[in-house]
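For reference, the structure is listed below as structure tokens.
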Amino acid sequence: MSRQLNYSPLAFYLADQSTQAKFGLLLIALCYGAFLAALPVDIFADRKPYFEFIEFSPVILLRHLSHGVHALITNEPVWLVFNSFMGLLLEPRDVVRLIIFFSASVTAYYLLRTNPKNIWWLLLFLFFPQIVKNFVIHLRQGLAIAVFLIGWFSDSHRKKLIIVGLTPFIHASFFFVLMLLAMTYLYRRMRLAGDLRNILTIIYASALGAMLLVLARLFGARQGSNQELANETTSGASFLLWSLLVVLMLLQGQNYLRRYSFAVSAVLFYLCIYFTSPVAGRVFESAIPLVVLAGLALTGWRRMAFLALFVGFNLLVLAMNSQKPLMGFAPGV
């Protein structure tokens, strides 16, 4: 009974599996997506490249193809085909709004449906910079995250493989996410102990992190020569935060580590390549919805510590950016 006092009546209602409860979660998710999509399109950073994608995706597809099939495959062809098609039907600004609405609504729905008892925490998290920027700035990544969650939570194993398998062709960071998925699947098949899994993940991540940009250049991916990611700063604060949070996960026990092996592996991967690869943050952001769910599954003092650290860090980020236009989300910031 004492455990039930931790949740609000609304959370318990939405935790019900009835049609009305599912509709309630869907409505909340749609409102979240509609709110973000209704914001002025031009006020956020990186809008011009997305307008260009919508207008010139057919040309970009042909250019990649002229460099070989490998260049086409590694440069997000599904994203380009989607933009080519939508550009025929809608104006660029309307396409941007549609992407934001779909990505934000789908992500919110699956997070809320999976853990409705934590609805208030999840709604708070959805507005934190580390998550919301994937819907209002990194549109390509936000779309890939939404598609990934559709596949991840699919009841059909075949459908899951097909949908999840599409995500690297929307955003290339999912090539590495799928590598982590394959690795955790292999661990389960081999029935490796949790400690050994973590050691192997660290070795794997360190080796892969050293080769990320080399592999990108080898296969003609845009990230191999793109300086956008390389210019992102690494203050060390995020490294400290997730170092503390992964310790909480490791202290939760073997059953937890088996159930949330992918989320734990994603955090370890991020930490291993944080200082050596400019794409560390982008790869981690693709997995962060599942990492958040894993954090909320912690119990006792570990859960309280997770909430305090995660909320405190994001509030600190907001405070540090409070003097910047749009909390740092404006162009040129």
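The values are calculated or read from the model by the stated rules, or taken from the named source; none is laboratory data. Computed from a prediction, not measured in an experiment: that's the story for all the values here. Here Cβ is always computed from backbone atoms with ideal geometry, including for glycine, and neighbour counts include all displayed protein chains. SASA here: full protein model, heavy atoms, side chains in, ligands and nucleic acids out. Shrake-Rupley method; radii C 1.70, N 1.55, O 1.52, S 1.80 Å.
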Legend entry - Environment charge of Asp42, counting only residues whose C-beta is closer than 10 Å and scoring Lys/Arg +1, Asp/Glu -1: +3
Legend entry - Over region 56-159, volume per residue of the alpha carbon convex hull, in Å³: 120
Legend entry - Accessible area of Tyr110 in the full protein assembly, 1.4 Å probe (Å², nearest 10): 40
Legend entry - Accessible carbon and sulfur surface of region 237-333 relative to its total accessible area, %, 1.4 Å: 68
Inset, instruction - Apply the Karplus parameterisation 6.51 cos²θ - 1.76 cosθ + 1.60, with θ equal to phi minus 60°, to every residue of region 76-87 and state each ³J(HN,Hα) to the nearest whole Hz, in sequence, with x for glycine and proline. - result: 6, x, 5, 4, 5, 5, 4, 5, 4, 5, 5, x
Legend entry - Kirkwood hydrodynamic radius (C-alpha pairs) into Stokes-Einstein, region 244-333, 37 °C and 0.692 mPa s, D in µm²/s: 227
Legend entry - Asp155, Asp46, reordered so the largest accessible area comes first (probe 1.4 Å): Asp155, Asp46
Inset, instruction - Mind ranking Leu200, Leu27, Leu181 by accessible surface for me, highest first, 1.4 Å probe? - result: Leu27, Leu200, Leu181
Inset, instruction - Along Cα→Cβ, 7 Å out, is where each label goes; now give me the distance between the ones at Leu251 and Thr299 in nm to one decimal. - result: 1.6
Inset, instruction - Quickly work out the Arg188-to-Leu89 label distance, labels modelled 7 Å from Cα along the C-beta direction, and quote it in nm with one decimal. - result: 3.4
Inset, instruction - Could you state how much accessible area Glu91 has, in square angstrom rounded to the nearest 10, with a 1.4 Å probe and all protein chains kept in place? - result: 120
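Shape verdict for region 257-310, please, from the Cα gyration tensor: rounded (a/c under 1.5), prolate (a/b greater than b/c) or oblate. Mind showing how you got there, number by number?
Numbers: a/c = 2.30, a/b = 1.80, b/c = 1.28.
Prolate, since a/c reaches 1.5 and a/b exceeds b/c.
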Legend entry - Euclidean distance of C-alpha centroids, region 83-142 and region 269-286, integer Å: 22
Legend entry - All lysines inside 29 Å of Lys117 as judged from Cα atoms, apart from same-chain residues fewer than 8 positions distant: Lys22, Lys133, Lys159, Lys160
Legend entry - Apportionment of accessible area to carbon and sulfur, region 34-184, percent (1.4 Å): 70
